Amino acid sequence: MEPGNETQPSEFLLLGFSEDPALQPLIFGLFLSMYLVTVAGNLLIILAILSDNHLHTPMYFFLSNLSSYDICLTSTIVPKMLVNIQTQSKAISYAGCITQMYFFLLFVEMENFLLAVMAYDRFVAICHPLHYTVIMNPRLCVHLVLVCWVISILHALLQSLMVLRLSFCTHLEIPHFFCELNHVARLACSSSFLNDVVMYFFVILLGGGPLAGILYSYSKIVSSIRAISSAQGKYKAFSTCASHLSVVSLFYCTGLGVYISSSATHNSHSSARASVMYTVVTPMLNPFIYSLRNTDVKRALTRLFGGKL
């Protein structure tokens, strides 16, 4: 970017998916629908777990946390986009942009770590079933979630503070529908080399670490399932992991697709379209994945609605 008058910007412009006015009502309706489905679906999962004593187990404790993070993640992004479309404005204040970036990083990291914790829970349940209740005691479950919170808060705070040290010029258009860290850093007039180093270091460390833990857990799970003699026993063991494995695949595959798209196309709307998958679509699908593939959740939802489902 050419050097210009470096300043503390008052606002950024979120270009979104398309600048065609005719498409704005369609985009508004689509994202409003997805947002309402996401909030309603995840709230139902949380209420079903809270209302059913049979679901007061580590697995469903983590699932209720995942549903709450899904609601928070989409609420960090979608409402502001809907307001901008409705008011025909693309602006987001500097403080609002940094705040949105912080909470986005926070809840994405929380989901990332929680998926690894859920994989560990399944590993203990299948590979060490006799010691499951002793190992996965309530105290450990709470501590695991607290550790996820602490690491995620510190990482999001560090990345946000790194952006605050940057100086910006006059070209403040973000080809995205929210303040994504990489896109904001590209707008800086001052050197963002240190920001890039820190960002990619933590992407590898905090993204690769949990993913490695998930892969290790499932490698042990697969080995244990293969050792089961009966086909029915293998199916029952695998069925407890199927929903989590589906969510993990959806989250990491779409996230990887976003970074590949972002690296290949720096100045287009394509990375914004790709980001929809893990910021909006994945949180929307998670409740369906867990409710459709899980008889315990379906039974709890039936009782929640008085047997009307």
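The values are calculated or read from the model by the stated rules, or taken from the named source; none is laboratory data. Just so we're clear, the structure is a prediction, and the values are computed from it rather than from any experiment. Heads up, the Cβs are rebuilt from the backbone with ideal geometry, glycines too, and the neighbour counts pull from every protein chain shown. The area values use the complete protein model at the heavy-atom level, side chains included, leaving out ligands, DNA and RNA. Shrake-Rupley method; radii C 1.70, N 1.55, O 1.52, S 1.80 Å.
Out of the residues in region 254-296 that are hydrophobic (A, V, I, L, M, F, W, C) and modelled with pLDDT of 85 or more, which is most open to solvent (accessible area, probe 1.4 Å)?
This residue is Phe288.
Being in a helix (DSSP H, G or I) and of a type in the set (A, V, I, L, M, F, W, C) is the filter here, so list the residues in region 222-247 that pass it.
Scanning region 222-247 gives Val222, Ile225, Ala227, Ala231, Ala237, Phe238, Cys241, Ala242, Leu245, Val247.
So that you can scan it fast, the table gives a plain yes or no per residue for (1) of a type in the set (Ser, Thr, Tyr); (2) closer than 27 Å to Ile225 by Cα; (3) buried (at least 18 other Cβ atoms within 10 Å of the Cβ); (4) touching a Phe, Trp or Tyr at 6+ places or on another chain (Cβ under 8 Å):
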{"residue": "Tyr120", "(1), (2), (3), (4)": "yes, yes, yes, no"}
{"residue": "Cys127", "(1), (2), (3), (4)": "no, yes, no, no"}
{"residue": "Thr133", "(1), (2), (3), (4)": "yes, yes, no, no"}
{"residue": "Met136", "(1), (2), (3), (4)": "no, yes, yes, no"}
{"residue": "Val142", "(1), (2), (3), (4)": "no, no, no, no"}
{"residue": "Leu146", "(1), (2), (3), (4)": "no, no, no, no"}
{"residue": "Ala156", "(1), (2), (3), (4)": "no, no, yes, yes"}
{"residue": "Leu161", "(1), (2), (3), (4)": "no, no, no, no"}
{"residue": "His171", "(1), (2), (3), (4)": "no, no, no, no"}
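Rundown of residues vs (1) in contact (Cβ under 8 Å) with a residue 12 or more places away in the chain; (2) farther than 30 Å from Asn84 by Cβ; (3) among the β-branched types (Val, Ile, Thr), yes/no style:
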position: Val163; (1), (2), (3): yes, no, yes
position: Thr170; (1), (2), (3): yes, no, yes
position: Phe193; (1), (2), (3): no, yes, no
position: Asp196; (1), (2), (3): no, no, no
position: Phe238; (1), (2), (3): yes, yes, no
position: Cys253; (1), (2), (3): no, no, no
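Restricted to region 173-220, and to residues that are in contact with a Cys (Cβ under 6 Å, 6 or more places away or on another chain) and modelled with pLDDT of 90 or more, which residue is surrounded by the fewest Cβ atoms within 10 Å (Cβ to Cβ)?
Filtering region 173-220 for residues that are in contact with a Cys (Cβ under 6 Å, 6 or more places away or on another chain) and modelled with pLDDT of 90 or more, the one surrounded by the fewest Cβ atoms within 10 Å (Cβ to Cβ) comes out as Lys220.
Among the residues of region 86-112 satisfying the criterion of being among the aromatic types (Phe, Trp, Tyr) and open to solvent by less than 30 Å² (accessible area, probe 1.4 Å), which is farthest from Gly16 (Cα to Cα)?
Residues of region 86-112 among the aromatic types (Phe, Trp, Tyr): 94, 102-104, 107.
Now drop any that are not open to solvent by less than 30 Å² (accessible area, probe 1.4 Å), which leaves 94, 104, 107.
Numbers: Tyr94: 17, Phe104: 17, Phe107: 21 Å.
Only one residue tops the list, namely Phe107.
Restricting to region 63-95, and then to whatever is out of contact with any helix residue (DSSP H, G or I) (no Cβ under 8 Å at 6 or more places or on another chain) and in a helix (DSSP H, G or I), can you tell me which residue is nearest to Phe177 (Cα to Cα)?
Asn84
Specify the residue that is surrounded by the fewest Cβ atoms within 10 Å (Cβ to Cβ); the eligible residues are those in region 39-62 that are part of a helix (DSSP H, G or I) and polar (S, T, N, Q).
The selected residue is Asn53.
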